[in-house]
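A quick write-up on the structure given underneath.
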């Protein structure tokens, strides 16, 4: 039997599969098909499948397969849950995890609440260059606080961390506007040919934000870790009168709250971002390995961990 986990960071929900425990690893096609099936049909679905594997240079490797079967470069909320999984597996509290573009430093953080374990993870690399996102708009090499009438009123900023993000600071979050823009920029379009995660951010006060994200390959999510990290970086750059560099930023989202720590550099692409938040395991799922290869999820056993009630108590405590 194989054990999968249902997990979340700020209710950004995933399944975790540890390939290193299988007698025969799944092929890329099997992984994609499994991700789509799990995210549509098991435990009310999820935003993606996190595949853990062995790594030469790090404690483990993480791949992020979105709900539609596409692969993301990184996932901040997912990385926290994988970090906890590896921490528990190897009894280590500080190490590195290999991701598609870089090896990232992670460590166990102070619990957010009783029964709510937390991890701090590095978010990098950072790039504002058009080729890194990629984007195309007029003759711009960077898009920072830029009016783009084709997107709507206000100004927009784009940054890769390394997932591509388009960010708009707003007085109030208009979900219809966000949905329309996210849908437009993740269909065939001349501006972001590979799609882009779109976040609207309302500034609540000094080092206090609320962020809602339309995620590429997923749609609306309860939270997007790289989205909140990218937004925090742009907040520090563009709204420095409301940014206190000596303290963490509290970033609220529909699924709860995380903290980010931003250390700005004169070369903004060398700034440092840390994302700190919960790593909650809600369910254990057991399935026969052959059925996993066949993508047959009709005969699985599911056990609740009891951690979700602690997380919900945390959410109530911050309202």
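The values are calculated or read from the model by the stated rules, or taken from the named source; none is laboratory data. As the structure is a prediction and not an experimental result, all values here were calculated from the model. Cβ atoms come from the backbone with ideal geometry, glycine included; neighbour counts cover every protein chain shown.
Data for the structure
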| item | result |
| --- | --- |
| Test: residue in segment 254-275 that is closer than 21 Å to residue 208 by Cα, surrounded by fewer than 20 Cβ atoms within 10 Å (Cβ to Cβ) and outside the structural domain of residue 162 (by TED's automatic domain parsing) | no |
| Residue 117, sole failed condition from (1) in contact (Cβ under 8 Å) with a residue 40 or more places away in the chain; (2) within 30 Å of residue 318 (Cα to Cα); (3) under 15 Å from the mean Cα position of the chain (by Cα) | (3) |
| Residue among 213, 226, 231, 221 that alone is closer than 12 Å to residue 76 by Cβ, buried (at least 24 other Cβ atoms within 10 Å of the Cβ), in the same structural domain as residue 168 (by TED's automatic domain parsing) and at pLDDT below 95 | 221 |
| Any hit, segment 239-249, residues being in contact with a strand residue (DSSP E or B) (Cβ under 6 Å, 6 or more places away or on another chain), outside any helix (DSSP H, G or I) and in contact (Cβ under 8 Å) with a residue 60 or more places away in the chain | no |
| The lone exception for residue 30 - which of (1) assigned to a helix (DSSP H, G or I); (2) closer than 20 Å to residue 298 by Cα; (3) touching a strand residue (DSSP E or B) at 6+ places or on another chain (Cβ under 7 Å) it fails | (3) |
| Residue match in segment 169-188 (condition: touching a helix residue (DSSP H, G or I) at 6+ places or on another chain (Cβ under 8 Å), more than 27 Å from residue 243 (Cα to Cα) and either outside the structural domain of residue 100 (by TED's automatic domain parsing) or in contact (Cβ under 8 Å) with a residue 24 or more places away in the chain (or both)) | no |
| Residue within segment 83-93 that is under 17 Å from residue 227 (Cα atoms), assigned to a helix (DSSP H, G or I), within 15 Å of the chain's Cα centre (by Cα) and at pLDDT 95 or above present | no |
| In segment 135-161, residue nearest to residue 98 (Cα to Cα) [restricted to those that are in a loop (DSSP other than H, G, I, E, B) and touching a helix residue (DSSP H, G or I) at 6+ places or on another chain (Cβ under 8 Å)] | 161 |
